[in-house]
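Quick notes on the structure that follows.
The values are calculated or read from the model by the stated rules, or taken from the named source; none is laboratory data. As the structure is a computational prediction, the values presented were derived from the model and not from experiment. No Cβ is skipped: glycine too gets one built from the backbone with ideal geometry, and neighbour counts run over all protein chains shown.
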Amino acid sequence: MIKLTVGNKNYSSWSMRPWVLLKQADIDFEEVMLRFDAFTPNSRFKTTLRGLSPTGKVPVLQDGDLVVWDTLAIAEYVAERFPEGELWPHDVAVRSRARSLCAEMHSGFSALRSACPMNIEARLPEVGALIWRDNAGVRADVARLTEMWRDALQASGGPLLFGHFSVADAYFAPVCMRLVTYALPLPEDVAAYVQRVCALPGVRAWIDGACAEHDFLDFEEPYRLHR
């Protein structure tokens, strides 16, 4: 059975992507949750990962002797390992577009990710309002999300980016969490897509797990001293 090592569900956006992908596709896997105690070289988190991943980061997927440690590589491996899940679109042109969207998320949107760290349990609309007012990079990132999601939804007809659930929806699930936590302003059609993603059973299961953790990590929460 596949084993997936993840970090705290409330904070680990990178872990969320492959976990949701596996869960939503109904693929059996063993979850190993490795708590974020710290990210220093001698932390339990880093020490535990040292023999597993060359990057010392989560997520990490193990399938027998095979270890895959990059989020996008994990998604590609899962799609190839379980082709019956149809996790990429069939059409080559549409599939290339879906991969392009995921790659753009993988390497971009740095302003949004930096200013609005994932914190599923929290509701921080006041913080979001200040970020929206003061951070032009965040506004630009949300404008780009709006553009790319609208284009994909219009081309596919929805309800998800490429019609049915795909790697792309799993890949953008953590962004949807950020948009909800910080209540960033969205057009009605884009907000509706965010809500559809949040309602997916795989996403809902991750959210439920995040809210059940009750594990406040101050180094992950620049806006709060406590819950």
- Here is a list of conditions, (1) within 30 Å of Trp132 (Cα to Cα); (2) at pLDDT 95 or above; (3) small (Gly, Ala, Ser), and Ser107 meets all of them except one; can you say which number that is? (2)
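Go through region 64-150 and tell me which helices (runs of 4 or more DSSP H), entirely inside it, have 3 or more residues that are among the aromatic types (Phe, Trp, Tyr) and closer than 26 Å to Val180 by Cα. First the steps, then the outcome.
Details: elements: 71-81, 92-107, 110-115, 125-134.
By residue number, no helices (runs of 4 or more DSSP H) qualify.
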- Of the residues that sit in region 55-79 and are more than 16 Å from the chain's Cα centre (by Cα) and touching a residue at least 40 places away in the same chain (Cβ under 8 Å), which one is nearest to Ala155 (Cα to Cα)? Ala79
- Task: Just give me the residues in region 1-26 being surrounded by 18 or more Cβ atoms within 10 Å (Cβ to Cβ) and assigned to a loop (DSSP other than H, G, I, E, B), in sequence order.
- Result: Gly7, Asn8, Lys9, Asn10, Tyr11, Ser12, Ala25
- Among residues belonging to region 177-227 that are among the hydroxyl-bearing types (Ser, Thr, Tyr) and either modelled with pLDDT of 95 or more or under 13 Å from the mean Cα position of the chain (by Cα) (or both), point out the one that is surrounded by the fewest Cβ atoms within 10 Å (Cβ to Cβ). Thr181
- Note on the structure: Picked from region 80-107 (must be polar (S, T, N, Q) and either closer than 18 Å to Gln154 by Cβ or not assigned by TED's automatic domain parsing to the domain that holds Val142 (or both)), the residue nearest to the chain's Cα centre (by Cα) is Ser100
- Task: Could you please find all residues in region 104-147 being surrounded by 14 or more Cβ atoms within 10 Å (Cβ to Cβ) and among the hydroxyl-bearing types (Ser, Thr, Tyr)?
- Result: Thr146
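Regarding region 51-66, can at least one residue be identified that is more than 16 Å from Pro174 (Cα to Cα) and touching a Gly at 6+ places or on another chain (Cβ under 7 Å)? Lay out the reasoning, then the answer.
Taking region 51-66 and keeping what is more than 16 Å from Pro174 (Cα to Cα), we get 51-57, 60-66.
Restricting the remaining residues to those that are touching a Gly at 6+ places or on another chain (Cβ under 7 Å) gives none.
No, there is no match, as no residue in region 51-66 is more than 16 Å from Pro174 (Cα to Cα) and touching a Gly at 6+ places or on another chain (Cβ under 7 Å).
Among residues belonging to region 157-215 that are of a type in the set (Ser, Thr, Tyr) and touching a helix residue (DSSP H, G or I) at 6+ places or on another chain (Cβ under 7 Å), point out the one that is farthest from Ala25 (Cα to Cα). Break it down into steps so the answer makes sense when it comes.
Keep residues of region 157-215 that are of a type in the set (Ser, Thr, Tyr), which gives 166, 171, 181-182, 193.
Filter once more, keeping what is touching a helix residue (DSSP H, G or I) at 6+ places or on another chain (Cβ under 7 Å): 166, 171, 182, 193.
On the way: Ser166: 9, Tyr171: 14, Tyr182: 28, Tyr193: 19 Å.
Selected residue: Tyr182.
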- Message: Between a residue in region 89-115 that is closer than 14 Å to Ser13 by Cβ and any residue that is assigned to a loop (DSSP other than H, G, I, E, B), which pairs come within a Cβ distance under 7 Å, given they are 6 or more apart or on different chains?
- Response: Ala115/Asn135
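Name every residue in region 155-185 that is in a helix (DSSP H, G or I) and either over 17 Å from Pro18 (Cβ atoms) or not assigned by TED's automatic domain parsing to the domain that holds Ser96 (or both), in order of residue number. Steps first, answer last, please.
Of region 155-185, the ones in a helix (DSSP H, G or I) are 155-156, 167-181.
Result: Ala155, Ser156, Arg178, Leu179, Val180, Thr181.
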- Output the residue which, of all residues in region 37-63 that are assigned to a loop (DSSP other than H, G, I, E, B) and touching a helix residue (DSSP H, G or I) at 6+ places or on another chain (Cβ under 6 Å), is farthest from His106 (Cα to Cα). Asp37
